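Scroll down for the structure; my scribbles are underneath it.
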Amino acid sequence: MLRFLVFLAALCLSGRAMCQRRVVVYDMDTNKPVAGVSVRSDHHKAVTTGLDGVAVVEEPSDSISFSHVQYGFERLTARELPDTMFLLPNDHMLPEVTVTELDPRVKGLIAAWAKMGAMMGAAEAPAGLVSFDFANLLDRRGRRDRKHKKQAEVILKEWDKKKVEGMETETETEAETETEKK
């Protein structure tokens, strides 16, 4: 009787071992094991792969699915299931972004601020919402300095033109004197 019970226990344990299947999950690009993959069969609880990428799945099921945040979802029938499963990584890219123009109400606000700045004597009307500086409207010394800077730039440009013209005449006279020497 004891032999029969031992035989029956061995049969149950071996039958249980035959109902399980070992699957190793690898990354298709790097060929490294993938940890944390959820392997779910139809009628059984999900199993998660360990650091070595190994999962033990219950055998009697119609289909087995593999899912991971960084990899594509795969579903296979029990007959198609290999001992080694390769998952293709997802490329996480943002969808296309379309930039549209400003809301008409915001455009109206910017235009009103520009008019107000021009009426108050600002040297430059603000180009946009970000560049608007109210303190600049009240700064008389700053406006005077910008005016002097523009005048100085005009004078310097004129000097540069005279200097370039003077250099051209010098090179022409040098060329003429060299031809006369010959």
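Within segment 77-92, residues that are without any contact (Cβ under 8 Å) to a residue 40 or more places away in the chain reach partners that are open to solvent by less than 90 Å² (accessible area, probe 1.4 Å) and not hydrophobic (A, V, I, L, M, F, W, C) with beta carbons closer than 6 Å, at six or more positions or on different chains, in the pairs Thr77/Ser63; Ala78/Ser61; Asn90/Gly72.
Only a single criterion out of (1) assigned to a loop (DSSP other than H, G, I, E, B); (2) at pLDDT 70 or above is not satisfied by Leu76, namely (1). Of the helices (runs of 4 or more DSSP H) entirely within segment 90-182, those holding at least 1 residues that are of a type in the set (Val, Ile, Thr) and modelled with pLDDT under 65 occupy 140-181.
The values are calculated or read from the model by the stated rules, or taken from the named source; none is laboratory data. Since this is a predicted model, take the numbers as computed values, not measurements. All Cβ positions, glycine included, derive from the backbone under ideal geometry; neighbour counts span all protein chains shown. Ligands, DNA and RNA are stripped out before the accessible areas are found, and what is left, the full protein with its side chains, is counted by its heavy atoms. Shrake-Rupley method; radii C 1.70, N 1.55, O 1.52, S 1.80 Å.
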